[in-house]
């Protein structure tokens, strides 16, 4: 069991059940149990996990049975359908004890969604645990090189590229080969991009939701978010592992950014060891609550699990900005394609 | 009881300012739902209240309140009785005295009820003060934490003053640090409602309506007002200010608070129970936490000495 996950659940009062226990974790009084399932592949696996938990919940002592799903490839709509269908065949007194949290690459799902303490549990699990990607971060080499191309920073030594991506030499070498002729290799073992890596970039955009772990948060008060206020609060908190991205980040790099208003606030959380520290979210705004709807969220947090953040911070300012590549990814996610293209042109022209 | 009709709070307050003699504007201020609705007029829209609670200040100004009532009656303001209480006499127990409620001479758009600020900082329920008018004795209500509403008063265009929502919220929180069972004499939209649920629900509504940058100022305002009005009790009051709200969040009466918000200041906004719970989280984290901390720090310094 992942140590960070165990720590998150212990903070909430759960302890490992040990051999013969009713579930993976339970509260000291036995009234709450949590069962953890990783890599639930489809509806059948999920239904089996739900029924297994329901059997355990059928104890007079249990008042709350939580199924914690990690790293599933099922969509949230699919999860919800199977969950509702499975609960519909349970006795009402058992169904009312059942709760679901998913945590992994996609937006979290919490059912029932209005349960305040369940949302808090989901937040803490996401804070302490982010599954390292199975694939060795296939696009990080390209992203680092693209950052340097956009900002006119010239070639980068391969060993420095290894340090910044956290990848081994053989992996970096494979990624550079995959990029093909668009990479210019210098005799001093440094590399740079000749042009914008359109093919690799398009592949990244298609797979971004899988390779770029994100969490969306809504304002649970239902009020429209006040983004300028949130940015001021973020500056007061000074979390140096958080970079402002998305439209707000684009406006920092490109004051003429062409968009009225802001659809949401995108933040990049630097997580070099893979565990995203999201404790700042509650301090940023206690009303923020996880949601599985990133397009209507107030804030979306993207996890950056590599050694180099490439954030920039002005010396006289508490504000930290994400790098232009992360900003571009957010603009595409927001379907601001024209603005993304204009952003690229602007950044290149201003170097 | 007839269902109240919705009124424009700003229009009512302007009418009240116009109806009251100008020299009285600096002797009274408005509290309650009309004050809150007037402060947040753009957000709130129309409200179902005809009740303009007028607080006479400074503290303990019984004779001032008497003079104001007699003057208004002399100008043709029309008394209405609360409940079935007739005017009493000097020996009538305070609990049996009618409050002073007056309609303006020419219309029934609203009525004023006079209240008085308590003197001193003693804990506990305040007896109504006896005041003699031409037809007998009436009572002036006063409440333990009403004095706080005198702080940070706002002034409307037209000159009338009203209590700042942050001070009304503080007074309500302190008044219900323990959740009592008192049921209000008038139901809310047909439902019997506990006093604590209405008053703490009002707090949540006030927080909902307050822009976040303004809410950030509440903690300092609260501490300043507490130190001013309760110089010896403020650490104990500050350190316990959130107790009632926390108790409400796990009490079945939270649903009554939701109902009051939906029928009151937040009418028509579709604010859910989950949203109000989130509002409570914001208030507890962003305002109450630092106030309680200040109270605890002071209290622990005093106990060491």
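Of all the residues in the stretch A:210-248, those that are touching a helix residue (DSSP H, G or I) at 6+ places or on another chain (Cβ under 6 Å), over 11 Å from residue A:284 (Cβ atoms) and within 13 Å of chain B (Cβ to nearest Cβ) number 4.
Test residue B:206 against the stated conditions and say whether it is more than 22 Å from residue B:151 (Cα to Cα), within 14 Å of chain A (Cβ to nearest Cβ), in contact with a helix residue (DSSP H, G or I) (Cβ under 6 Å, 6 or more places away or on another chain) and surrounded by 22 or more Cβ atoms within 10 Å (Cβ to Cβ). No.
Within the stretch A:84-106, the set of residues being closer than 19 Å to residue A:34 by Cβ and not in a helix (DSSP H, G or I) comprises A:90, A:96, A:97, A:98, A:99, A:100, A:101, A:102, A:103, A:104. For the stretch A:63-83, filtering for residues that are in a loop (DSSP other than H, G, I, E, B), over 17 Å from the mean Cα position of the chain (by Cα) and closer than 20 Å to residue A:125 by Cα leaves 0. Among the residues of the stretch A:170-188, those that are loosely packed, with under 13 Cβ neighbours inside 10 Å and in contact with a helix residue (DSSP H, G or I) (Cβ under 9 Å, 6 or more places away or on another chain) comprise A:180, A:185. Is it the case that residue B:215 is within 19 Å of residue B:43 (Cα to Cα), modelled with pLDDT under 95 and either surrounded by 17 or more Cβ atoms within 10 Å (Cβ to Cβ) or within 14 Å of another protein chain (Cβ to nearest Cβ) (or both)? No, not satisfied. Among the candidates B:276, B:226, the residue that is within 30 Å of residue B:120 (Cβ to Cβ), in contact with a helix residue (DSSP H, G or I) (Cβ under 7 Å, 6 or more places away or on another chain) and at pLDDT 95 or above is uniquely B:226.
Here residue B:125 qualifies as at pLDDT below 85, over 20 Å from residue B:28 (Cβ atoms) and part of a loop (DSSP other than H, G, I, E, B). Looking across the stretch B:52-79, the residues that are in contact (Cβ under 8 Å) with a residue 60 or more places away in the chain, touching a helix residue (DSSP H, G or I) at 6+ places or on another chain (Cβ under 9 Å) and surrounded by 15 or more Cβ atoms within 10 Å (Cβ to Cβ) come down to B:52, B:53, B:54, B:55, B:56, B:57, B:59. Does the stretch B:37-45 include one or more residues that are surrounded by fewer than 23 Cβ atoms within 10 Å (Cβ to Cβ) and under 20 Å from residue B:77 (Cβ atoms)? Checked against the condition, which is being surrounded by fewer than 23 Cβ atoms within 10 Å (Cβ to Cβ) and under 20 Å from residue B:77 (Cβ atoms), the stretch B:37-45 yields no hits at all. Of all residues in the stretch B:283-298, those that are on the phi < 0 side of the Ramachandran plot and facing chain A (nearest Cβ under 10 Å) have Cβ atoms under 6 Å from Cβ atoms of residues that are in a helix (DSSP H, G or I) and buried (at least 17 other Cβ atoms within 10 Å of the Cβ), 6 or more apart or on another chain, in B:283/B:207. Mind checking which residues of the stretch B:241-274 are in a helix (DSSP H, G or I), in contact (Cβ under 8 Å) with a residue 60 or more places away in the chain and under 21 Å from residue A:289 (Cβ atoms)? Result: B:245, B:248, B:257, B:261. One residue stands out in the stretch A:316-326 among those that are under 17 Å from residue A:232 (Cα atoms) and in a loop (DSSP other than H, G, I, E, B): the one that is farthest from the chain's Cα centre (by Cα), namely A:316. Within the stretch B:250-262, if we keep just the residues that are out of contact with any helix residue (DSSP H, G or I) (no Cβ under 6 Å at 6 or more places or on another chain) and within 14 Å of chain A (Cβ to nearest Cβ), the residue that is surrounded by the fewest Cβ atoms within 10 Å (Cβ to Cβ) turns out to be B:250. The number of residues in the stretch A:234-253 being under 17 Å from the mean Cα position of the chain (by Cα) and within 14 Å of residue A:310 (Cβ to Cβ) comes to 5. Here residue A:88 qualifies as loosely packed, with under 13 Cβ neighbours inside 10 Å and at pLDDT 90 or above.
For every residue, the table says whether it meets (1) farther than 17 Å from residue A:149 by Cα; (2) assigned to a loop (DSSP other than H, G, I, E, B); (3) within 14 Å of chain B (Cβ to nearest Cβ).
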| site | (1), (2), (3) |
| --- | --- |
| A:263 | yes, yes, no |
| A:267 | yes, no, no |
| A:289 | yes, no, yes |
| A:310 | no, yes, no |
| A:328 | no, no, no |
| A:340 | no, no, no |
| A:345 | no, no, no |
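Look at (1) away from every other protein chain (no Cβ under 13 Å); (2) closer than 25 Å to residue B:270 by Cα; (3) at pLDDT 95 or above and you find that residue A:251 fails only one, number (2). When the stretch B:125-156 is filtered for residues that are in contact with a strand residue (DSSP E or B) (Cβ under 7 Å, 6 or more places away or on another chain), surrounded by fewer than 17 Cβ atoms within 10 Å (Cβ to Cβ) and in contact (Cβ under 8 Å) with a residue 24 or more places away in the chain, the ones remaining, listed by number, are B:136, B:154.
With respect to the conditions (1) closer than 27 Å to residue A:287 by Cβ; (2) touching a strand residue (DSSP E or B) at 6+ places or on another chain (Cβ under 7 Å); (3) surrounded by fewer than 20 Cβ atoms within 10 Å (Cβ to Cβ), residue A:71 falls short on a single one, namely (1). Flag: residue B:241 matches the condition of being surrounded by 16 or more Cβ atoms within 10 Å (Cβ to Cβ), away from every other protein chain (no Cβ under 14 Å) and in contact with a helix residue (DSSP H, G or I) (Cβ under 7 Å, 6 or more places away or on another chain).
Applying the selection to the stretch A:272-287, what residues are in a loop (DSSP other than H, G, I, E, B) and surrounded by 20 or more Cβ atoms within 10 Å (Cβ to Cβ)? Residues satisfying the conditions are A:275, A:276, A:278, A:285, A:286, A:287.
Can you confirm whether residue B:195 is within 13 Å of chain A (Cβ to nearest Cβ) and either free of Cβ contacts under 8 Å to residues at least 40 places away in the same chain or more than 19 Å from the chain's Cα centre (by Cα) (or both)? It is false that residue B:195 is within 13 Å of chain A (Cβ to nearest Cβ) and either free of Cβ contacts under 8 Å to residues at least 40 places away in the same chain or more than 19 Å from the chain's Cα centre (by Cα) (or both).
Among all residues of the stretch B:102-114, there is at least one that is without any contact (Cβ under 8 Å) to a residue 60 or more places away in the chain, touching a strand residue (DSSP E or B) at 6+ places or on another chain (Cβ under 7 Å) and under 15 Å from residue B:30 (Cβ atoms).
The values are calculated or read from the model by the stated rules, or taken from the named source; none is laboratory data. Nothing here was measured: the structure is a model prediction, and the numbers come from that model. Cβ coordinates were reconstructed from backbone atoms using ideal geometry, including for glycine residues, and neighbour counts include every protein chain displayed.
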